[in-house]
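Notes follow the structure.
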Amino acid sequence: MMRLNNGSPLRVGGGLSPEDAGMAADVVQDDDGPQHLKQVSRIKHIILQKYLPSWEVILGSKNRRLCYFDCYAGPGAYEFEGQKVDGSPIIAVRAAQEYLAKVKAHQMTVILVEKDEKQRASLDTELKRVQPYGQGLQVHVMAEDVKEFVPKLLGQVPNLAPSFFMVDPYGHPLTVPILNGILQRPQTEALINFMYYRINMDAGNAKVQHHLDAMFGDGEWRTQAFLRGGGWNREQGFLEYFKCQIKAQYKLQFRIRCDVEDGVAKSRTKYYLIHASNHPKAALLMKEVMWPLGDEEGLFDFSGEKHGMLFSSSPREEELRRALLQEYSGKEEVEFDQLREETWDLPFIEKHYRSVVKQLKEEDLVEITPVSSKTDRGLKKKDRVRFLPPKEGGSI
Ligand SMILES: C[S@@+](CC[C@H](N)C(=O)[O-])C[C@H]1O[C@@H](n2cnc3c(N)ncnc32)[C@H](O)[C@@H]1O
């Protein structure tokens, strides 16, 4: 019996729908072993691996049950640089096991939806590597089309436990109405692979444009100005339009470019990972995870080429300083975390805020009242920060 909240079990059955016409460009099938994973696809695994443990601790502090849904689960393992590596379902199971080993009497339900029989067979085999699951962990592999499964699930489970949805298709993701159905549930978030390369191509092809009507839930997208342009403007217009349709307060994007193995210019965008949530702490946590992973820290852009050559200096702290002074000088004092939450969309993480605010204190431009910190040398959480009014004739 599958438990997704504190009461009702879930009954979802039904056959598989026909295969989507998908761009299987992320992996290369090899009948003799795990599918080959491209460099640019590995990044989403790293993001998941780094994000889930903190997500579990934060949401688990107030909830005994959590759920993880892998909407497009895949085969469970890949070949990457000659090694076998875990796919997203195994990453999630391992994270859940580590979490549950630390917090007794908590529960986690992991639901892996995969409609392809061959992929599912591989997934079942790979799951054996992480069995027995241990106390508190339930794992269910669902032989379903996720576009039917999720609406059924939402219809049957009125009080879904706090949930993380991984939405990682080859082509078009869950439709916008389904994503919005997920995101309107409390404490629910999604990491969505917006496969721009493929979706943009389909937008220009009359024969498959109906896929985009289905994805957006209507044909409004056809009337948008960005479609008349090209290049970067079109891409940014398209991305913003998609993000606008997603009804979540925080949407953080990470751009992933085409792989050397894709056979197209490496400067082109392959996909965007979009993290959608309704809690500032979720957005800040994801920003901490994504920030160091780009080619250049804080760029939120990954090409697979320069990974590992991260810049050691903190880039552009000057920009953060200017933004904070402009926004807060002379205003009411704010908590340090509130400051970060209110400016969550700036490409800076906690260490930069701390460094900039401390520097401003040195310059007598802010006052800090420790609340969470034990001494006035620290700066965290509820510590209060007051930006003093700009000095006469002073510039920011
Ligand atoms: C990109 S792979 C998933 C990779 C996986 N998230 C990972 O990182 O390890 C996409 C998978 O979704 C499956 N799939 C495609 N359309 C689906 C649908 N409508 N419902 C369920 N599974 C689907 C495909 O068979 C494929 O195995």
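Since every read-out is calculated from the coordinates, none of them should be taken as a lab result. Quantities reported herein were computed from a predicted structural model and do not represent experimental measurements. All Cβ positions, even for glycine, are placed from backbone atoms using ideal geometry, and neighbour counts span all protein chains on display.
Below are the figures for this structure:
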{"quantity": "Nearest-0.05 FRET efficiency for Glu288 and Leu388, computed from C-beta distance (R0 41 Å)", "calculated": "0.90"}
{"quantity": "Over 26 Å (Cα to Cα) - which of Lys50/Lys380; Lys152/Lys287; Lys44/Lys147 fall in this group", "calculated": "Lys152/Lys287"}
{"quantity": "Computed over the chain: relative contact order in percent, which uses C-alpha pairs under 8 Å that are six or more apart", "calculated": "13"}
{"quantity": "Full-extension gain in nm, Met201 to Arg377, via 0.36 nm per residue minus C-alpha separation", "calculated": "58.0 nm"}
{"quantity": "For Leu66, distant residues with modelled amide H under 5 Å away", "calculated": "Gln107, Met108, Thr109"}
{"quantity": "Kyte-Doolittle at least -0.5, axis length at least 24 Å by Cα - qualifying DSSP helices, the chain", "calculated": "39-60"}
{"quantity": "Most to least packed among 181-194, 316-329 [average Cβ atoms within 10 Å]", "calculated": "181-194, 316-329"}
{"quantity": "Cβ-derived FRET efficiency at R0 56 Å, Lys102 paired with Asn233, nearest 0.05", "calculated": "0.70"}
{"quantity": "Beta bridge orientation in the chain: antiparallel %, DSSP, nearest 5", "calculated": "50"}
{"quantity": "Extension gain (nm, one decimal) between Ile58 and Asn180, 0.36 nm per residue minus Cα-Cα", "calculated": "41.6 nm"}
{"quantity": "Amide H partners (placed H, <5 Å) of Val141, local residues excluded", "calculated": "Leu112"}
{"quantity": "D_trans [Stokes-Einstein, Kirkwood Rh over alpha-carbon pairs] for the chain, 20 °C, 1.002 mPa s, µm² s⁻¹", "calculated": "94"}
